[in-house]
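Enquirer: Attaching a single structure in structure tokens format; questions to follow.
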Amino acid sequence: MKKIIVLVVLTLSFGVLASTVSASHSWGGYHWSRTTSVLSLKLGDNLSSAWDPYLATASTDWSISSVLETTVVSGLGGRNCKPTSGRVEVCNRTYGKNGWLGLAQIWISSGHITQGVVKVNDTYFNTSKYNNPNERLHVVCQEVGHTFGLDHQSEDGSSQNTCMDYFSNTGANAGSATSTKPNQHDYDELEAIYAHLHAPTSPLPTKNGNGSGNAMVDLDDSRAWGKIISESSDKRSSIFERDLGKGNKVLTFVTWVE
């Protein structure tokens, strides 16, 4: 059976602070710096009209959090979904039969996220299996959630009634709206991740959006992921690391879906 890949890509320099909370799915403590109690984050809409409603819904749902307010604005990413400092660009395109369904990229400097990108692959979403409203919302909600510093709540395929799980809204579950929105556990974890304030972080030095003066790295291409550094016991998720130099790295979080 062909595997589909959901990617999460991080560009970072280490120095991450651990969160101390009741919730437990922070991804290594990665977070945006801010000087106010609520993180205000712009989500750049580079999407086609078919995707616009799902980003709008995800933005509204995530903004229920007491520490996060997202606003959908006009995109600046263009066709290649170029990252923009201080915001998240969200894009769709027929990226080809490369195996991944969606990906999120997060750039981190001095332990803080400085910009992010979310991409969804219409090569697969244009097929009957994935082309349904609930699966589209699940994937957009989850990939955007990763750009805040959230990991998955569950990876066993069961529904935790959150978009941050591995439940698949396809096939017999295509009509189910479960796992298409954040749940209280997600909001609790965000409160934990953003429990402290920080001075503004300077944007990561970039060349073509990749940082550290490096030439353009095509992070859609699995050959750019680097070495594998972690894998779940059931092999449904893997993490790869690519060193970009000067203390910056790219971590690629791969979720394998049957």
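The values are calculated or read from the model by the stated rules, or taken from the named source; none is laboratory data. Just so it is clear, the structure is predicted and the values come from calculations on it, not from any experiment. All Cβ positions, glycine included, derive from the backbone under ideal geometry; neighbour counts span all protein chains shown.
Enquirer: Which is part of a strand (DSSP E or B), under 23 Å from Arg34 (Cα atoms), at pLDDT 95 or above and out of contact with any Phe, Trp or Tyr (no Cβ under 6 Å at 6 or more places or on another chain), of Asp45, Asp61?
Expert: Asp45
Enquirer: One residue is enough: does segment 11-19 have a residue meeting the conditions out of contact with any Gly (no Cβ under 6 Å at 6 or more places or on another chain) and either closer than 23 Å to Asn126 by Cα or modelled with pLDDT of 85 or more (or both)?
Expert: No - not one qualifying residue is present in segment 11-19.
Enquirer: Would you tally the residues in segment 139-156 being closer than 23 Å to Arg87 by Cβ, of a type outside the set (A, V, I, L, M) and either over 13 Å from the mean Cα position of the chain (by Cα) or surrounded by 24 or more Cβ atoms within 10 Å (Cβ to Cβ) (or both)?
Expert: Within segment 139-156, residues that are closer than 23 Å to Arg87 by Cβ, of a type outside the set (A, V, I, L, M) and either over 13 Å from the mean Cα position of the chain (by Cα) or surrounded by 24 or more Cβ atoms within 10 Å (Cβ to Cβ) (or both) number 8.
Enquirer: Looking at (1) surrounded by 24 or more Cβ atoms within 10 Å (Cβ to Cβ); (2) under 14 Å from the mean Cα position of the chain (by Cα); (3) under 29 Å from His196 (Cβ atoms), which one does Val120 not meet, given that it meets all the others?
Expert: (3)
Enquirer: Inspect all residues belonging to segment 65-74 and state whether any of them is under 24 Å from Asn131 (Cβ atoms), in contact (Cβ under 8 Å) with a residue 12 or more places away in the chain and surrounded by fewer than 20 Cβ atoms within 10 Å (Cβ to Cβ). Full working, then the answer.
Expert: First pass over segment 65-74, keeping only residues under 24 Å from Asn131 (Cβ atoms): 72.
Next, from what is left, pick out any that are in contact (Cβ under 8 Å) with a residue 12 or more places away in the chain: 72.
Retained after the next criterion (residues that are surrounded by fewer than 20 Cβ atoms within 10 Å (Cβ to Cβ)): 72.
Yes: segment 65-74 contains one or more residues that are under 24 Å from Asn131 (Cβ atoms), in contact (Cβ under 8 Å) with a residue 12 or more places away in the chain and surrounded by fewer than 20 Cβ atoms within 10 Å (Cβ to Cβ).
Enquirer: Same structure again: Specify the residue that is surrounded by the fewest Cβ atoms within 10 Å (Cβ to Cβ); the eligible residues are those in segment 42-64 that are aromatic (Phe, Trp, Tyr) and within 16 Å of Cys91 (Cα to Cα).
Expert: Among those residues, the one meeting the criterion is Trp51.
Enquirer: Moving on to the next point. Filter segment 123-156 for residues that are among the hydroxyl-bearing types (Ser, Thr, Tyr) and free of Cβ contacts under 8 Å to residues at least 24 places away in the same chain; which is farthest from Leu103 (Cα to Cα)?
Expert: Ser128
Enquirer: Enumerate the pairs (first residue in segment 24-36 and under 14 Å from His112 (Cα atoms) and at pLDDT 80 or above; second residue anywhere and acidic (Asp, Glu) and in a loop (DSSP other than H, G, I, E, B)) with beta-carbon separation below 9 Å, excluding pairs fewer than 6 apart on the same chain, so at least 6 apart or on different chains.
Expert: Ser26/Asp151
Enquirer: Tell me which strands (runs of 3 or more DSSP E) are completely within segment 177-258 and hold 2 or more residues being under 21 Å from Leu103 (Cβ atoms), within 17 Å of the chain's Cα centre (by Cα) and at pLDDT 70 or above, or say none if there are none.
Expert: The qualifying strands (runs of 3 or more DSSP E) are 237-245, 248-257.
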